[in-house]
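Participant: So that we are looking at the same thing, I have put the structure below in structure tokens.
The values are calculated or read from the model by the stated rules, or taken from the named source; none is laboratory data. Bear in mind that the values here come from a model prediction, so they are computed numbers and not experimental data. FYI the Cβ positions are ideal-geometry reconstructions off the backbone, even for glycines, and counts take in every protein chain you see. With ligands, DNA and RNA removed, areas are computed over all heavy atoms of the protein, side chains included. Shrake-Rupley method; radii C 1.70, N 1.55, O 1.52, S 1.80 Å.
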Amino acid sequence: MMERLTGAERQIALMICVVMAIVGLVMAAAGHGDPMGSHGAIVLIAAGITTLFVLRAIGEPEPAEDRTVNYYDDPTKAGLVIALFWAVVGMGMGVWVAAQLAWPDLRFDAAWSSFGRIRPVHTSGVIFGFGGNALIATSYHVMQRTSRARLAGHVSPWFVLLGFNLFCIVAASGYLMGVTQSKEYAEPEWYADIWLVIVWVTYFVLYIRTLARRNEPHIYVANWYYLAFILVMAMLHIVNNLAVPASFTAAKSYSAFSGVQDAMTQWWYGHNAVAFFLTAGFLGMLYYFLPKRAERPIYSYRLSILSFWGIVFFYIWVGSHHLHYTALPQWVQTLGMTFSVMLLVPSWASAGNALMTLNGAWHKVRDDATLRFMMVAAVFYGLSTFEGSFMAVRAVNSLSHYTDWTVGHVHAGAMGWVALITFGSIYSVVPLLWKRETMYSWKLVEWHFWLALAGTVIYVFAMWNSGIIQGLMWRTYTDSGTLAYSFTDTLVAMHPYYVARACGGALFLTGAILAAYNVYMTIRHAPEKRPERDYPTSSKAAEPAVPAAE
Amino acid sequence: MDLTHELTSTVAKSFGLFYLIALSVGITVYAYWPSLGKRFEKAANSILDDEDGPCR
């Protein structure tokens, strides 16, 4: 892992590890008796493990490769494997949460396993663990290829990847201990938030420095999306997490905002996390991997520019549609609603652009499950952005809000769009990075595709039914003007759909486990692809891993 | 000057409107500027063959 770092780079890595270990030790000592102390111990252990990796490489000879002729793909490879690990953990947690809603006994009466604690482990696990690692890994891949330049630095990509995962581990373990600042998708407390800012700024600087080295006159559109993702997430994260710690030796903090300002700031963050984490970043993936896999350039590059700016400048205003019928001023609600409806135009422009790219390659979509993953992802992107604009309309929202319809909508986006485009990208990039001929088993890719699609459809239909029944029951009055149904009546009506939802999620999880197995077997057992060259190469790194004579 | 509801909504309804219109006109002009067509086409095709290694 660290063998490709020069001696000086290994020393820098070691210094970072030592500083991290000291930080962990101070946190553990100062926060003794508080969850912060346990987090200190986790930081210390993480720093220790990383130190061992660096120390194992520190005495090795310097790398012999010529750095000017190869892309630096080691962090990408690690990121993809870590993303698949989080996929299995995060989706597994999701199935457990879903099963708890159908069969509450599955909590097993522990404090840490209550719905309120494992639900954020599921959401953060899939959004940040799976999605975030996949975004970081593919962004390293895409920024190098589209710039025709190697990553600007060899320590900082590792710092970003491992630092981000440390944040994810601190977040998930904190939820289980009951640490939360009660902001959806921004639950981790102040010290985790500060750490993420350091990691994220490093990520931004790395991206800009790599682009600055580029050898192409124009920055390919995928990079614009990745950059929007990095830059806007930094902005959202910093503002929404402004808080005053109750004590520097404990986890608890108080938000800088209160009342309706707090709600507005939270949903400005929350919806833009959907916009810039779960949409912009993954559109970057789509604009690179779909044309690449279909072997056709994007249908309209000009349209991709228009939809980029449309998405970026409309999305930032839509957050207030989460606060219809609240204390938020009516005109702010209407503003959010209007921008949500307008957002349909650039969203469908992107989805349509992706599907039109496939014109002339539909036979490949039929034969190649990897491309089919990306095609179905584009379809679900179109469907869920339409649904989102529709649900943001105040009258529709009065029925859908606080019901399972919202949950179904989120999962149409997260499973149908985000996860499918990610799996498609992983299947197309893994054989390339590990220099394999193909994936270990194309049959498993097919299985995964149909399991994922069936799981998503079952999940979304179950939640549509459940949500609309729930919403209608809540607003049904008797002739005497009282509510017709008690809250418990709605739960009884929703139970069959909760069982169906857990089954749909289990199918999706099974697909993710097959993906993790298939990628593992590709790395370990798939036949190596020999580069076809009729000339001698100058670089040792470009040679096959094992010389032919051995 | 107080940051009142009146003031913020007036700014949103006037400046906010015009800057978004100016922005969309600017972006459309950029995206459809005729002489940039070749550059965009080259960029769109550039990703199809990019595995031969970096230039630097």
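Participant: How large is ³J(HN,Hα), in whole Hz, for each residue of segment A:203-208 in order, when computed from phi with the Karplus curve 6.51 cos²θ - 1.76 cosθ + 1.60 and θ = phi - 60°, using x for Gly and Pro?
Facilitator: Taking θ as phi minus 60°, the curve returns 4, 4, 4, 4, 4, 5 Hz for segment A:203-208.
Participant: Under the rule of at least 5 residues apart or a separate chain, name every residue whose amide H is placed under 5 Å from the amide H of A:Arg436.
Facilitator: Placed amide hydrogens put A:Lys529 under 5 Å from A:Arg436.
Participant: Moving on. Determine the shielding of peptide A:143-150 by partner chains: average, over its residues, the number of Cβ atoms on other chains within 10 angstrom of each Cβ. Walk me through the intermediate numbers first.
Facilitator: Values: counts 0, 3, 7, 4, 4, 7, 3, 4.
Neighbouring Cβ atoms belonging to other protein chains average 4 per residue here.
Participant: Using θ = phi - 60° and the Karplus form 6.51 cos²θ - 1.76 cosθ + 1.60, what ³J(HN,Hα) does each residue of segment A:503-516 get, whole Hz, x for Gly and Pro?
Facilitator: 5, x, x, 5, 4, 4, 4, 4, x, 5, 5, 4, 4, 4
Participant: Here is a follow-up. Roughly speaking, to the nearest percent, how much of the protein assembly as shown's 1.4 Å accessible area is carbon and sulfur? All intermediate terms of the calculation are to be shown ahead of the outcome.
Facilitator: Details: 18180 of 26680 Å².
After summing per-atom areas, the C and S share lands at 68 percent.
Participant: Quick query: amide H of A:Ala243 versus all other amide H atoms, modeled in the peptide plane; which residues come in under 5 Å with a sequence gap of 5 or more or a different chain?
Facilitator: Residues meeting the amide H criterion: A:Ala256.
Participant: If a paramagnetic tag sat 7 Å from the Cα of A:Val260 along the Cα-Cβ line, which residues of segment A:331-348 would have the backbone N under 18 Å from that point?
Facilitator: Residues A:331-338 qualify, since their backbone N sits under 18 Å from the label point.
Participant: Using modelled backbone amide H atoms (1.01 Å from N, in-plane), which distant-in-sequence or interchain residues come within less than 5 Å of A:Glu3's amide H?
Facilitator: Placed amide hydrogens put nothing under 5 Å from A:Glu3.
Participant: Simple spin-label model, 7 Å along Cα-to-Cβ: A:Phe85 to B:Val25 in nm?
Facilitator: Roughly 5.4 nm, to one decimal.
Participant: By a straight-distance test (C-alpha under 23 Å), which lysines pair with A:Lys183 as possible cross-link partners, with residues fewer than eight away in the same chain excluded?
Facilitator: The qualifying lysines are A:Lys252.
Participant: Compute the distance in nm between two label points, each set 7 Å from the Cα along the Cα-to-Cβ direction, one at A:Trp103 and one at A:Tyr517.
Facilitator: Label at A:Trp103, label at A:Tyr517, 2.3 nm between them.
Participant: Now for a separate question. Need one number: nm distance between label points at A:Ala64 and A:Val379, each 7 Å from Cα along Cα→Cβ, rounded to one decimal.
Facilitator: 5.1 nm
Participant: Using a 10 Å cut-off around each Cβ of peptide B:34-44, what is the average number of partner chain Cβ atoms that fall inside? The partial results should precede the final answer.
Facilitator: Values: counts 0, 0, 4, 2, 0, 4, 10, 3, 5, 11, 14.
Mean shielding count: 5.
Participant: Oh, and also: Only Lys, Arg, Asp and Glu count, each charged at its Cβ (+1, +1, -1, -1), so figure out the dipole size of chain A about its Cα centre, rounded to 20 debye. Present the calculation step by step, with values, prior to reporting the outcome.
Facilitator: Details: 34 positive and 31 negative charges, 183 e Å.
The dipole magnitude comes to about 880 debye.
Participant: What ranking do A:485-498, A:437-450 get when scored by the average of other Cβ atoms within 10 Å per residue, highest first?
Facilitator: On the way: A:485-498: 14.8, A:437-450: 17.7.
Going by the mean number of other Cβ atoms within 10 Å, highest first, we get A:437-450, A:485-498.
Participant: Let me ask something else. With heavy atoms of protein chains only and a 1.4 Å probe, what residues of segment B:11-29 have at least 50 Å² less accessible area in the full set of chains than alone?
Facilitator: Going by heavy-atom accessible area, the residues of segment B:11-29 that drop by at least 50 Å² are B:Leu20, B:Ile27.
Participant: Starting from the Cα gyration tensor of segment A:74-525, take the square roots of the eigenvalues, sort them a ≥ b ≥ c, and report rounded, prolate or oblate (rounded when a/c is under 1.5, otherwise prolate if a/b is larger than b/c, else oblate).
Facilitator: Numbers: a/c = 1.41, a/b = 1.30, b/c = 1.08.
Verdict is rounded for segment A:74-525.
Participant: Rounded to the nearest whole Å², what accessible area per residue is found for segment A:13-129 with the 1.4 Å probe? Spell out each step's value before the answer.
Facilitator: On the way: 5470 Å² over 117 residues.
Spelled out: the 1.4 Å probe surface of segment A:13-129, per residue, equals 47 Å².
Participant: A follow-up question, please. Using θ = phi - 60° and the Karplus curve 6.51 cos²θ - 1.76 cosθ + 1.60, what whole-Hz ³J(HN,Hα) does each residue of segment A:133-148 get, with Gly and Pro shown as x?
Facilitator: Karplus-based 3J(HN,Hα) across segment A:133-148 equals 5, 5, 5, 4, 5, 5, 5, 4, 5, 5, 5, 6, 5, 6, 9, 6 Hz.
Participant: I would also like to ask the following. Take peptide A:306-316, look around each residue's Cβ out to 10 angstrom, count Cβ atoms belonging to other protein chains, and average those counts. Don't skip to the end; give the middle numbers.
Facilitator: Numbers: counts 6, 1, 2, 7, 3, 0, 1, 5, 1, 0, 0.
Taking the mean over all residues of the peptide, I get 2.
Participant: Place the peptides A:66-75, A:88-97 in order of packing, highest mean first, counting for every residue the other Cβ atoms within 10 Å and averaging per peptide. The partial results should precede the final answer.
Facilitator: Values: A:66-75: 18.1, A:88-97: 21.6.
In descending order of packing, they fall as A:88-97, A:66-75.
Participant: What residues of segment A:26-74 lose no less than 20 Å² of accessible area with every protein chain in place versus their chain by itself (probe 1.4 Å, heavy atoms only)?
Facilitator: Residues passing the criterion (a loss of at least 20 Å², heavy atoms only) are A:Thr68, A:Val69, A:Tyr71.
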